[in-house]
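Engineer: I am attaching a structure below and will ask some questions about it afterwards.
The values are calculated or read from the model by the stated rules, or taken from the named source; none is laboratory data. Keep in mind that what you see is a predicted model, and the values were worked out from it rather than measured. Cβ coordinates were reconstructed from backbone atoms using ideal geometry, including for glycine residues, and neighbour counts include every protein chain displayed. Ligands, DNA and RNA are excluded from the accessible area calculation, which covers all protein heavy atoms including side chains. Shrake-Rupley method; radii C 1.70, N 1.55, O 1.52, S 1.80 Å.
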Amino acid sequence: MQQSLFSSSLCFRLAFLVAPALLAQSGPMPPPPLMLFVREEVKPGHGAAHSVTESAWTRTLTKGKSADHYLGMNALTGASEAWFIMGYASFADWEAKQNEFDKNPALKHEIEKISQQDGDHLTGTRTFLGTYRKDLSYGPPVEIGKMRYMRVRTFRIKQGQGGAFEEGVKTALAAYEKSHYAASFAFYEVAAGTGSPTFIVLRPLKSLAELDGMADAEKAFQGALGEEGRKGMQKVFAETVNAVENQLFAFNPKLSYPGPGVVASDPGFWTVKPPKEGAK
């Protein structure tokens, strides 16, 4: 059966990491205008040690009352990686968060110390920045604090084919609407940090069971496209996309420094107990 351009891995229930003004709120939240992705390549066998180092980072940020919140997650598929995602209201907001360390020398010193320790567990790091594309996204917000997994799909587009790819996405959006597809997804267009044009699409999941039973929804989507639409989507995909990368992640509270709104959604999951006194 012909797969849709997005398939089940792109029919995403997103809309989460929000602007700072909304961080104190729980409940469904809209996607931030700007998203920073930090992709760390973790040495095989260093996952547990890496989590310990990241927990120390979180405790330091909490003590320093940092406003730069983020969520961390471990790869369940693909290479041994940890991703960190953080949302900003604007480039100015991002700059302000970067500058907060310069205003707190003690915090900056401690973070630099932990960063060196963290490096012992990594083989490489890449940071890239994405801008939210509301016109290419679909569906209602979700309450990210109740999510446990994240499905990530990265589209690398051929040079000069960005516009054609976007038109193909919009054709798919119309079919999703027509078929009443019960899911949501959000597109981010990479602005810096990797080859362009590149799009990252995210899907938070409450449970991996949500990936089961997608055949009926896909069938309805294909029906909404119709034969001509399916042929058109196949052509768009073949002519505009260089490569597609699919990954599945699990959120890890030990890797995260969540905002109060995320914690309020599920304190039992997101609140990490400090190590016992004297523990090494």
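Engineer: Does residue 48 satisfy being more than 23 Å from residue 202 (Cα to Cα) and either part of a loop (DSSP other than H, G, I, E, B) or open to solvent by 60 Å² or more (accessible area, probe 1.4 Å) (or both)? Let's see the steps before the verdict.
Structural biologist: Values: more than 23 Å from residue 202 (Cα to Cα): yes; either part of a loop (DSSP other than H, G, I, E, B) or open to solvent by 60 Å² or more (accessible area, probe 1.4 Å) (or both): yes.
Yes; evaluated as a whole, the condition is true for this residue.
Engineer: I've got another one for you. Tell me, which strands (runs of 3 or more DSSP E) wholly within segment 67-170 include 1 or more residues that are in contact with a strand residue (DSSP E or B) (Cβ under 8 Å, 6 or more places away or on another chain), touching a residue at least 40 places away in the same chain (Cβ under 8 Å) and open to solvent by 70 Å² or more (accessible area, probe 1.4 Å)? Even if it seems obvious, please write down each step before you answer.
Structural biologist: Numbers: elements: 71-75, 81-88, 122-138, 149-157.
By residue number, 122-138, 149-157.
Engineer: Being under 27 Å from residue 55 (Cα atoms) and touching a Ser or Thr at 6+ places or on another chain (Cβ under 6 Å): is that true of residue 126 here? Give the steps one after another, and end with the answer.
Structural biologist: Numbers: under 27 Å from residue 55 (Cα atoms): yes; touching a Ser or Thr at 6+ places or on another chain (Cβ under 6 Å): no.
In short, no.
Engineer: So which residues in segment 171-197 are hydroxyl-bearing (Ser, Thr, Tyr) and open to solvent by 40 Å² or more (accessible area, probe 1.4 Å), if there are any at all? Before you say what the answer is, go through the steps one by one.
Structural biologist: Filtering segment 171-197 down to residues hydroxyl-bearing (Ser, Thr, Tyr) leaves 171, 176, 179, 181, 184, 188, 194, 196.
Of everything in segment 171-197, those that are hydroxyl-bearing (Ser, Thr, Tyr) and open to solvent by 40 Å² or more (accessible area, probe 1.4 Å) turn out to be 171, 194, 196.
Engineer: Turning to a different aspect of this structure: Taking the options 5, 10, name whichever one is under 26 Å from residue 181 (Cα atoms), within 14 Å of the chain's Cα centre (by Cα), at pLDDT below 50 and not charged (D, E, K, R).
Structural biologist: Working: 5 fails: within 14 Å of the chain's Cα centre (by Cα).
Result of the check over 5, 10: 10.
Engineer: Quick one: in segment 171-186, of everything that is of a type in the set (Phe, Trp, Tyr) and not in a loop (DSSP other than H, G, I, E, B), which residue is nearest to residue 247 (Cα to Cα)? Give the steps one after another, and end with the answer.
Structural biologist: Taking segment 171-186 first, the residues of a type in the set (Phe, Trp, Tyr) are 176, 181, 185.
Checking which are not in a loop (DSSP other than H, G, I, E, B) leaves us with 176, 185.
Numbers: 176: 23, 185: 15 Å.
Checked segment 171-186; the qualifying residue nearest to residue 247 (Cα to Cα) is 185.
Engineer: Moving on to the next point. Within segment 240-262, identify whether any single residue is in contact with a helix residue (DSSP H, G or I) (Cβ under 8 Å, 6 or more places away or on another chain) and farther than 28 Å from residue 28 by Cα, and answer yes or no.
Structural biologist: Among the residues of segment 240-262, at least one is in contact with a helix residue (DSSP H, G or I) (Cβ under 8 Å, 6 or more places away or on another chain) and farther than 28 Å from residue 28 by Cα, which makes the answer yes.
Engineer: Under the condition of being in contact with a Gly (Cβ under 6 Å, 6 or more places away or on another chain) and open to solvent by 40 Å² or more (accessible area, probe 1.4 Å), which residue from segment 13-43 is modelled with the lowest pLDDT?
Structural biologist: Within segment 13-43, the match that is modelled with the lowest pLDDT is 24.
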